[in-house]
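Asks: So that we are looking at the same thing, I have put the structure below in structure tokens.
The values are calculated or read from the model by the stated rules, or taken from the named source; none is laboratory data. On a predicted model such as this, the values are computed, not experimentally measured, just so you know. Cβ placement follows ideal geometry from the backbone for every residue including glycine, while neighbour counts extend to all protein chains displayed.
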Amino acid sequence: GTLAGGVAHDFNNILAIILGNLELAIDDFPRDHQGQINLEEAMTAGLRAKDLIRQLLSFSRPTDQSRQSLVIKPIVEESLKLMRSTLPANIEIQSKLDDRVHPIRSDVTQIHQVIINLCTNAAHAMAENGGQIQIGLLEKDLDKNDLEKLGKLVPGRYVILEVSDTGHGIAPEHLSRIFDPYYSTKEVDKGTGMGLSLVYGIVKSLGGEIFVESQPKVGTTFRLYFPVVDTEPVEEKEEIEEIPKGRGRIMLVDDEPALTKLGAQMLTRLGYETRTFNDPVEALQWFEVHADAIDLVITDMTMPHLSGAQVTERIKQQRADLPVVLCTGFNEYIDESGANHIGVDAFVMKPLILKDLAQTIHKMIVEA
């Protein structure tokens, strides 16, 4: 957990630089320009990576907080669009997705992970000669007769996701172990063996089951069963919100120079004057002399010498009225109540998204 948290922190910083610069570049193009469209595609992929980091951090601590009622057909289609752009030309993806499937309880990131891992596994099985991946999505009402072959499932309606390939197949002696963590029949440098284990964990956590059929030299089919839920699905709406701008003087503290440089550019575009520091000790020394020259402080949580919590405490001792925004990727260690406890007025999660940052600052300065 500690190692995963540290890796996620570093990855969040890298992703923050990528996403932040993408946002700035997108804003430089006129709407509907092909350059803007291309960058927005990259931005969408980056946001999925952001969700994936959150999912990986919480994988060992299952939670229902981010799960909702979802119709998964459009999510499957988006995942397949990504896979088509990344797989070799000799591997073809065909899909037959029923428009009438009802919602299941999940989240977008989990469905993406399932599709991408199963398609990647299929592609590895056809790496030498190419072939076809077939994706099916349908819904079926299962009765007692059906369930005799389907393990622990109970009677009811299920969304069924099928992923088939025309690869080399899986030998019978390996079938019982393919969902074990780190178990793989691939060469050492061709994969970690975690993909199918991750898929298995997600499916089971959603109350479903996964079955596999395979014939050597013919191919393999994975069949996933997800119980249908009765609640209305949450539609993913693309809302174009105006990003709020304002005026004010902001002190930005982060030990990563690329992030303070990026943050200053973002804040300038939003209309704010910015003073940046990469050393929290230096920031506090400056603040002791210029406390009245600042309207808001944004500080990273994890820095050498002083943490964001310690920076906040020192700032509040001198100016209790000054709003402080804590910026962190460690969302498993702090929430809104925890932020309030250490004197933070608001917090934002890395990687920063311009809209989220703008709205948070607007509430602290303009609406206060």
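Asks: For the range 115-126: of the residues being of a type in the set (A, V, I, L, M, F, W, C) and out of contact with any strand residue (DSSP E or B) (no Cβ under 7 Å at 6 or more places or on another chain), which is surrounded by the most Cβ atoms within 10 Å (Cβ to Cβ)?
Replies: Applying the filter and picking the extreme gives I115.
Asks: A further question on this structure: What's the number of the condition S106 fails, among (1) touching a Leu at 6+ places or on another chain (Cβ under 9 Å); (2) at positive phi?
Replies: For S106, the exception is condition (2).
Asks: Kindly state which helices (runs of 4 or more DSSP H) lie completely within the range 25-128 and contain at least 1 residues that are in the same structural domain as V199 (by TED's automatic domain parsing), at pLDDT 85 or above and closer than 30 Å to G169 by Cα.
Replies: The qualifying helices (runs of 4 or more DSSP H) are 73-86, 108-125.
Asks: Which members of the range 204-222 meet the condition of being part of a strand (DSSP E or B) and under 17 Å from S106 (Cα atoms)?
Replies: E209, I210
Asks: Here's something else I'd like to know. Out of all the residues in the range 145-179, which are in a loop (DSSP other than H, G, I, E, B), touching a residue at least 40 places away in the same chain (Cβ under 8 Å), within 20 Å of K217 (Cβ to Cβ) and aliphatic (A, V, I, L, M)?
Replies: Those that are in a loop (DSSP other than H, G, I, E, B), touching a residue at least 40 places away in the same chain (Cβ under 8 Å), within 20 Å of K217 (Cβ to Cβ) and aliphatic (A, V, I, L, M): I170, A171.
Asks: Given the conditions (1) over 23 Å from G246 (Cβ atoms); (2) among the acidic types (D, E); (3) crowded, with 21+ Cβ neighbours inside 10 Å, which single one is not true for D300?
Replies: Condition (1) is where D300 drops out.
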